[in-house]
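Quick note: the coordinates plus some simple rules give every number you see, no bench work behind them. Nothing here was measured: the structure is a model prediction, and the numbers come from that model. Counting neighbours? That spans all protein chains shown, and the Cβs are built from the backbone with ideal geometry, glycine included.
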Amino acid sequence: MHNGSQIAAEYDVFQASLEALKKEKKYLNYGFTVSRCQSYEERQEQLCLEVFEAAGIGKGHTVVDVGFGSGEQDFLLSRTRQFDRLLGFNISNRQVQYASTRARMENLTERLSRLKASRKRDKRFFKALT
Ligand SMILES: C[S@@+](CC[C@H](N)C(=O)[O-])C[C@H]1O[C@@H](n2cnc3c(N)ncnc32)[C@H](O)[C@@H]1O
């Protein structure tokens, strides 16, 4: 059976592999297909766009992303939708580090300011949801 530290370690290694491969888009989803011409990365991006639309994310909203991976979908969200802020939680320190650095480089720290690791229940997370 896995505990939180083992899962975090696995995602740390996974992130290191994605970085070593220099994979530009680091989505970790199976994608949504609207055309046979789409590449796998385009399908992955499409799935995120479908979710944003279905959730009706817009002005004044606080978005909570639990397990944000490399944060790829949060950067897409910042480019495509208006929202107030995003609270991101991730158990992998390497992914938190990667996403935080990228948020700084893309001048998005104001909206994506809460990229933090959480290994157990975080009271602030539950507060954000209520
Ligand atoms: C399959 S990946 C999905 C990543 C991203 N949401 C995506 O679609 O590209 C699962 C993510 O959940 C994170 N995770 C796993 N357990 C977690 C926990 N207890 N708290 C916060 N994040 C967790 C992992 O570190 C990883 O980033």
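Here are the numbers for the structure shown:
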item	result
Total lysine pairs whose alpha carbons fall under 29 Å of each other in region 1-122 (8 or more apart, or interchain)	9
Dimensionless Rg over Rh [region 65-115; C-alpha; Kirkwood]	0.91
Rounded if a/c under 1.5, otherwise prolate or oblate - region 1-87, Cα gyration tensor axes	oblate
Residue-span extension gain [SER17 to THR80] - 0.36 nm each, minus C-alpha spacing	19.9 nm
Distance in nm between pseudo-label sites at HIS61 and CYS37 (7 Å out along the Cβ direction from Cα)	2.9
Approximate spin-label separation LEU47-THR101, in nm, with each point projected 7 Å along Cα-to-Cβ	2.6
